[in-house]
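See structure below.
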Amino acid sequence: MKFFPAEVNGGVPALKALAGPYGSMRFVPTGGIGPPNLTSYLSQPNVLACGGSWLAPKDLVAQGRFDEIREICRRSSYAMHGFELAHVGINCDDAAEAKEVATSFATLFGLPVYDKGGGCFASDMVDVVKGRLLGERGHIGVSCVDVDRAKAWFERRGYRFVEKGVNRDERGYTSVFLEGEVGGFAVRLRRR
């Protein structure tokens, strides 16, 4: 359902309030949305998509400056995912080595260490895997607003994903690995 004008009608807090009584409804907010607040809207589970006139400003359309419009759309398609470095993953041979490596990082930077089943973490910065996961050297965790949306976006661009390391919950994917490596590292997308 279209939610317009989104900002005037309460913005993200209003969408959060609507999620309770209308739990199965999905919204497409428009009006007052642009690059600064786009990811705050798209991170809401009840938001399907966002619209906005910032994608094709009237003056650029009138002047036929479609290359500039295309560039705005390209930048916005990256921005909507809110990609950020989440953590560095280090492969270890076993749990003992993983604990030792995580503790070394924790000591170095004054971080807490915690065990999360398959890995020991030094805060959220370093994921030390208790065994060999994907990536010759480990993996780079990249957080995004919505893993399902990001996965579909990458697939439309020709990228593929592997089944190993896939995690899901009731909302969809929580993490997936892209196929292949970059500099010896696998790339893992995870929900923020």
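The listed residues are Pro21, Pro36, and the only one of them that is outside the structural domain of Glu181 (by the TED database), part of a loop (DSSP other than H, G, I, E, B), loosely packed, with under 15 Cβ neighbours inside 10 Å and modelled with pLDDT under 95 turns out to be Pro36. Looking only at the range 4-14, filter to residues that are of a type in the set (A, V, I, L, M, F, W, C) and within 23 Å of Tyr78 (Cβ to Cβ); which one of those is surrounded by the most Cβ atoms within 10 Å (Cβ to Cβ)? Across the range 4-14, the extreme among qualifying residues is Ala6.
Just wondering, is there one or more residues in the range 50-62 that are outside the structural domain of Gly172 (by the TED database), among the hydroxyl-bearing types (Ser, Thr, Tyr) and within 20 Å of the chain's Cα centre (by Cα)?
Step one: filter the range 50-62 for residues outside the structural domain of Gly172 (by the TED database), giving 50-62.
Still in the running and among the hydroxyl-bearing types (Ser, Thr, Tyr): 53.
Going one step further and asking which of them are within 20 Å of the chain's Cα centre (by Cα), we end up with none.
Scanning the range 50-62 turns up no residue that is outside the structural domain of Gly172 (by the TED database), among the hydroxyl-bearing types (Ser, Thr, Tyr) and within 20 Å of the chain's Cα centre (by Cα).
Leu134: in contact (Cβ under 8 Å) with a residue 40 or more places away in the chain and more than 30 Å from Val47 (Cα to Cα), yes or no?
Values: in contact (Cβ under 8 Å) with a residue 40 or more places away in the chain: yes; more than 30 Å from Val47 (Cα to Cα): yes.
It is true that Leu134 is in contact (Cβ under 8 Å) with a residue 40 or more places away in the chain and more than 30 Å from Val47 (Cα to Cα).
Looking across the range 152-181, the residues that are without any contact (Cβ under 8 Å) to a residue 24 or more places away in the chain and either of a type in the set (Phe, Trp, Tyr) or outside the structural domain of Leu134 (by the TED database) (or both) come down to Tyr159, Phe161. Is there a residue being out of contact with any helix residue (DSSP H, G or I) (no Cβ under 7 Å at 6 or more places or on another chain) and more than 29 Å from Glu100 (Cβ to Cβ) anywhere in the range 130-137? The answer is no; no qualifying residue exists.
Taking the range 14-70 as the search range and keeping residues that are free of Cβ contacts under 8 Å to residues at least 40 places away in the same chain and of a type in the set (Val, Ile, Thr), which one is farthest from Phe83 (Cα to Cα)? Top of the filtered list is Val61.
Looking at the range 80-192, what strands (runs of 3 or more DSSP E) fall wholly within it and have at least 1 residues that are within 12 Å of the chain's Cα centre (by Cα) and surrounded by 14 or more Cβ atoms within 10 Å (Cβ to Cβ)? Full working, then the answer.
Numbers: elements: 84-92, 113-115, 119-122, 126-130, 138-144, 161-169, 172-178, 185-191.
Once the strands (runs of 3 or more DSSP E) in the range 80-192 are filtered for at least 1 residues that are within 12 Å of the chain's Cα centre (by Cα) and surrounded by 14 or more Cβ atoms within 10 Å (Cβ to Cβ), what remains is 84-92, 138-144, 172-178, 185-191.
If you go through the range 157-192 and keep only what is within 15 Å of Gly89 (Cα to Cα) and polar (S, T, N, Q), you end up with just Ser175.
The values are calculated or read from the model by the stated rules, or taken from the named source; none is laboratory data. None of the values given here were measured: they were computed from a predicted structure. FYI the Cβ positions are ideal-geometry reconstructions off the backbone, even for glycines, and counts take in every protein chain you see.
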